[in-house]
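A short write-up of the structure that comes next.
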Protein chains: 2
Amino acid sequence: RDRKSQMAEESHRQDSAYLLIFIMLLTLTILTIWLFKHRRVRFLHETGLAMIYGLLVGVILRFGIHVPQSMSDVILGCAVNASPATLLVNVSGRFYEYTLKGEVTPGSGHQDDEMLRKVTFDPEVFFNILLPPIIFHAGYSLKRRHFFRNIGSILAYAFLGTVISCFVIGLIMYGFVSFMKVVGQLGGDFYFTDCLFFGAIVSATDPVTVLAIFNELKVDVDLYALLFGESVLNDAVAIVLSSSIVAYQPAGDNSHSFEAMAVLKSLGIFVGVFSGSFALGVATGVMTFTKLRDFPLLETALFFLMSWSTFLLAEACGFTGVVAVLFCGMTQAHYTFNNLSPESQDRTKQLFELLNFLAENFIFSYMGLTLFSFQSHVFNLLFIIGAFVAIFLGRAANIYPLSFLLNLSRRNKIGSNFQHVMMFAGLRGAMTFALSIRDTATYARQMMFSTTLLIVFFTVWVCGGGTMPMLSFMSIPVGVDSDQENSVSDFNFEQIWYKKGNLRVNDTKQESAWPFRIWYNFDHNYLKPLLTHSGPPLTATMPACCGPLARCLTSPQAYEVWTELLRYLFQELSSCPCSTCFHSYFCI
Amino acid sequence: RDRKSQMAEESHRQDSAYLLIFIMLLTLTILTIWLFKHRRVRFLHETGLAMIYGLLVGVILRFGIHVPQSMSDVILGCAVNASPATLLVNVSGRFYEYTLKGEVTPGSGHQDDEMLRKVTFDPEVFFNILLPPIIFHAGYSLKRRHFFRNIGSILAYAFLGTVISCFVIGLIMYGFVSFMKVVGQLGGDFYFTDCLFFGAIVSATDPVTVLAIFNELKVDVDLYALLFGESVLNDAVAIVLSSSIVAYQPAGDNSHSFEAMAVLKSLGIFVGVFSGSFALGVATGVMTFTKLRDFPLLETALFFLMSWSTFLLAEACGFTGVVAVLFCGMTQAHYTFNNLSPESQDRTKQLFELLNFLAENFIFSYMGLTLFSFQSHVFNLLFIIGAFVAIFLGRAANIYPLSFLLNLSRRNKIGSNFQHVMMFAGLRGAMTFALSIRDTATYARQMMFSTTLLIVFFTVWVCGGGTMPMLSFMSIPVGVDSDQENSVSDFNFEQIWYKKGNLRVNDTKQESAWPFRIWYNFDHNYLKPLLTHSGPPLTATMPACCGPLARCLTSPQAYEVWTELLRYLFQELSSCPCSTCFHSYFCI
């Protein structure tokens, strides 16, 4: 027992040291980011930087350090004919439980692999710990006014565009793979469904670098909203799409041709999982309107726990937690946020900002590290070239035709320079990486993973770094006064309307298509008053016959806010001669 | 492969569901806390509440739900003659890696155990994830002025008192155990070192309930400082003491008698580990003075990462991470905090407050759960009675004699009513639980764990709930105006000194013993100016001969603050007739 506890302690010390490497990496990244921000360096974003540091540490771990094989790893060959998840081992009468960690390739190299294997995380860590805060933050910090103004186009790019991109990339890759098979460059199986899967995972864009620069330079808000909205939603589409494709893949792995039934089934899974996750996220997002205003700590804790439980609930129900968390974040920003005390509004914003920052930089530095620490890379030049061609064409097939179609109905057209920027800003990031590392068991998946890594590196460094020249080359105006509200406090009466001298006509409604106008009216007149303390009380918006119901559903706070607002508006607008601006205040 | 991934998915769904149970528990706790705070209920603290909910869920899981054994757990008997940490299994040519999870008692009950085992965490989770934020927060939120004023007494209670308590409890328990052996009530081995170990783990007090009430009622600040300071430091003492005792325990487990060498070795380990952890914590705490004031997000992230890396570094070096983190927190509050931007000061405070809140409530609800979900409880009535008697006497042997000795030299005596309250407030909490669950392999440890659980329940509910009656019975004055600074912004020039009309003579120095006066002068004149932007610049405090050195070590910001301060002081004090108050401003 004594020797064993010593071994456990030794192993614990090593684990701490390995985790320390990552923390140090992040610390180094932060310090360099600070230096860059201080000096206003813009050609390299923090994510690109994190990758570089990760790469360096990966090289050092791979070639620099040789940790002698520790004694904690006595290995026993034990021949059985199955690999269950749990193994009970009978050691002279006492039973020990072992859990399956994964398949390994034993051999002479095992000693050296030890350390590299230790710095390799369980891929599920990305899906269950690191992605949720990133995606939630994206939903929670969405600039909703501009998002809703462009919602039609965003949905088109995100849904239709991602599916187009997935199939275009899939088909091109299938062509390349078939060619490789003929030439004899293919070292293993690669089916059509693998190609589609690859298409799905590399269709998730992550223009975090580009958007950071946009934000700093105050580039056109519509372009920002289009890019941001698309990238947030297409993450959700890509994750559900890829899992539907995996579900479609028959057990035999040998279907080259399409079967109508299987495609329909796949489509059914897509629609089912997506709408299920959506509904769950929205439902829990709406549920968390809190009345704990006096205790910001409790409020913040509750907010955090509810967001997390949305993720867990979705996973437990077989939906996609990440998608649920995205819509939960969007819903909470729209409704719950208004009910929080001002202190909690700050706290939650800052908390998720921090979590997002840490998780994002961790993923990117891990990406850099993994290029050298991952043990089963399959780099195939032809495949890599094919992939780069395919993502370029896939992105083009998404942006240009859809923009053309959208421009037919849009009032403010998406200019060709905007289209080129959107084409250029198709960076791949955390989601693509997480999806590709999730399963690296087969030859096809290993090749995809290695190629995906290169795609991420290339797009983040080259496209990310080239944003500034691209903007000036495309003559996109910068320094535009965006008339932007605070990121998450969009429709908050107190913050927008009470600001003296900042009264402005809300143009969201006028610019949107009619289905959204109906939704706006419903949201503004019924949902917001019901779920938040802001907006007009239900008694003012519901038909007169529902008076008693409206009265009992309206909180005293809502009345207060409303009365205050009315008093202020009348006072302020009594001096304004135009009657239209008066009306516009009653229809956000 | 397909069946296996299905099994993995099933298992993932179950894991999510189990984690969801905990999140729901926490959510429920928060909502009830809110209700209690709203209604000003004080007889039950949130930690006590969390335990009750945990208990209820434990009962439901144990007796209410029977999850059918999932197919993911096919169990294979595989007879080998060792139990290594890693097992390679040869399944028809392919190798799978398994990691040791622990010993199990197989049998007919295994099916039902499945779920209970799943809700049981790896004990190391407590030490590596849940305790660090709690302990760091304790150090970071220490009210340092009152702490330093009473530092002599606090150190006496924490170091001397904990050692006394440990040995008293150990000796009493050894008596009880010997008696049990004679009576035939002992079902396994129980050595003297086990008794001492038990003494060490139950000597860590955690009066969080009591302090919450003190805070709310504004009880005397010195009593608060004594209790809080003692409980923070004796956690550190208990953790190092218990690990030294384990290290002392010879491999044979058969030493009834003391050996001088072994005791010395144990003492050496204690001093070495404690001072090592202390030095490391202070060193990294001092190191993190940041200059990223313009970017609160980066600053907060860096602060968080540095605190965490202190923990990991200490663990990797073989010191105690929790102790290092405690002193890191105290150092950072004293030095680094002053360098942070005001926004980061809020952010870090709020972040660690939230983490502390979540971790603490999680541990307490897990405690409640574990009373029913833990599989190897050993409840022994005699041992339990003995333990309760022992902790009572141990606490008494700590408080009363030490208070008597301390009162000999203290100017403001610790009254007998204060002593009774300190005696009564010896609650056991998170640290005792974490230490006792860490190793539950032997009969002795299992009995300790079960008994410890009961002690925690009893003290939190009875002593915690009885604080209010106790205070009025002891006629402790409440509603005392504590003249308290903001918890973490103690010596911050801007916040204390600039407040007009709130000028006060700092009395810390006058009341402390001479070693601390020397330390104060050194800290104020050299360390603070060197490490922070507040305090007088080094050029004003260092001897004239060191002028050039002082100039190059002083930051421009410190000059600015100092000049500003001087201008303000002269202006303010020119109207004050007494010359002493003027002087007192130059010697915090």
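The values are calculated or read from the model by the stated rules, or taken from the named source; none is laboratory data. Quick caveat, the model's predicted, so the values are computed rather than measured. Note: ideal-geometry Cβ built from the backbone for every residue, glycine included; neighbour counts use all protein chains shown. Just so you know, the surface numbers come from the protein's heavy atoms only, side chains and all, with ligands and any DNA or RNA stripped out. Shrake-Rupley method; radii C 1.70, N 1.55, O 1.52, S 1.80 Å.
Tabulated values for the structure
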{"quantity": "Qualifying residue in the range B:454-470 (condition: of a type in the set (Phe, Trp, Tyr) and within 18 Å of B:Leu196 (Cα to Cα))", "calculated": "no"}
{"quantity": "B:Thr370, sole failed condition from (1) away from chain A (no Cβ under 14 Å); (2) farther than 27 Å from A:Thr348 by Cα; (3) open to solvent by 10 Å² or more (accessible area, probe 1.4 Å)", "calculated": "(3)"}
{"quantity": "Helices (runs of 4 or more DSSP H) wholly inside the range A:125-209 containing at least 1 residues that are basic (Lys, Arg) and under 30 Å from A:Gln350 (Cβ atoms)", "calculated": "A:144-149"}
{"quantity": "A:Phe337 being surrounded by 19 or more Cβ atoms within 10 Å (Cβ to Cβ), modelled with pLDDT under 90 and within 12 Å of another protein chain (Cβ to nearest Cβ)", "calculated": "no"}
{"quantity": "Selection status of B:Leu393, assigned by TED's automatic domain parsing to the domain that holds B:Leu435, farther than 30 Å from B:Leu28 by Cβ and in a helix (DSSP H, G or I)", "calculated": "yes"}
{"quantity": "Residues located in the range A:12-59, provided they are β-branched (Val, Ile, Thr), open to solvent by 10 Å² or more (accessible area, probe 1.4 Å) and under 25 Å from A:Val462 (Cβ atoms)", "calculated": "A:Thr32, A:Val41, A:Ile52, A:Val57, A:Val59"}
{"quantity": "Residue tally, condition out of contact with any Leu (no Cβ under 9 Å at 6 or more places or on another chain) and open to solvent by less than 30 Å² (accessible area, probe 1.4 Å), over the range B:416-436", "calculated": "8"}
{"quantity": "Residue satisfying all of: in the range A:458-473; in contact with a Lys or Arg (Cβ under 9 Å, 6 or more places away or on another chain) and closer than 16 Å to A:Asn215 by Cα; surrounded by the fewest Cβ atoms within 10 Å (Cβ to Cβ) among these", "calculated": "A:Met468"}
{"quantity": "Flag if A:Val183 is touching a residue at least 24 places away in the same chain (Cβ under 8 Å), open to solvent by 10 Å² or more (accessible area, probe 1.4 Å) and under 21 Å from the mean Cα position of the chain (by Cα)", "calculated": "no"}
{"quantity": "Residue count, the range A:262-303 (criterion: open to solvent by less than 60 Å² (accessible area, probe 1.4 Å) and either closer than 25 Å to B:Arg40 by Cα or of a type in the set (S, T, N, Q) (or both))", "calculated": "16"}
{"quantity": "Unique residue being free of Cβ contacts under 8 Å to residues at least 60 places away in the same chain, among the β-branched types (Val, Ile, Thr), closer than 19 Å to B:Trp308 by Cβ and facing chain B (nearest Cβ under 7 Å) when the list is A:Ile30, A:Ile23", "calculated": "A:Ile23"}
{"quantity": "Condition met for A:Ser376 (over 22 Å from the mean Cα position of the chain (by Cα), open to solvent by 10 Å² or more (accessible area, probe 1.4 Å), at pLDDT below 90 and farther than 21 Å from A:Thr209 by Cα)", "calculated": "yes"}
{"quantity": "Contacts under 8 angstrom Cβ, first residue in the range A:252-272 being at pLDDT below 75, partner surrounded by 11 or more Cβ atoms within 10 Å (Cβ to Cβ) and among the charged types (D, E, K, R), 6 or more apart", "calculated": "A:Asp253/A:Asp189"}
{"quantity": "Among (1) under 18 Å from the mean Cα position of the chain (by Cα); (2) open to solvent by 10 Å² or more (accessible area, probe 1.4 Å); (3) farther than 20 Å from A:Gly321 by Cα - the single one A:Ile164 does not satisfy", "calculated": "(1)"}
{"quantity": "Unique residue being closer than 30 Å to A:Ile399 by Cα, aliphatic (A, V, I, L, M), modelled with pLDDT of 65 or more and not assigned by TED's automatic domain parsing to the domain that holds A:Phe197 when the list is A:Ile164, A:Ile134", "calculated": "A:Ile134"}
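For every residue, the table says whether it meets (1) without any contact (Cβ under 8 Å) to a residue 24 or more places away in the chain; (2) outside any helix (DSSP H, G or I); (3) under 20 Å from B:Phe214 (Cβ atoms).
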| residue | (1), (2), (3) |
| --- | --- |
| B:Ile414 | no, yes, yes |
| B:Val421 | no, no, yes |
| B:Gly426 | no, yes, yes |
| B:Ala434 | no, no, no |
| B:Ser475 | no, yes, yes |
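This table checks each residue for (1) outside the structural domain of B:Tyr366 (by TED's automatic domain parsing); (2) under 19 Å from B:Ala390 (Cα atoms); (3) modelled with pLDDT of 80 or more.
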site	(1), (2), (3)
B:Ser450	no, yes, yes
B:Thr467	no, no, yes
B:Val478	yes, no, no
B:Ser487	yes, no, no
B:Asn502	yes, no, no
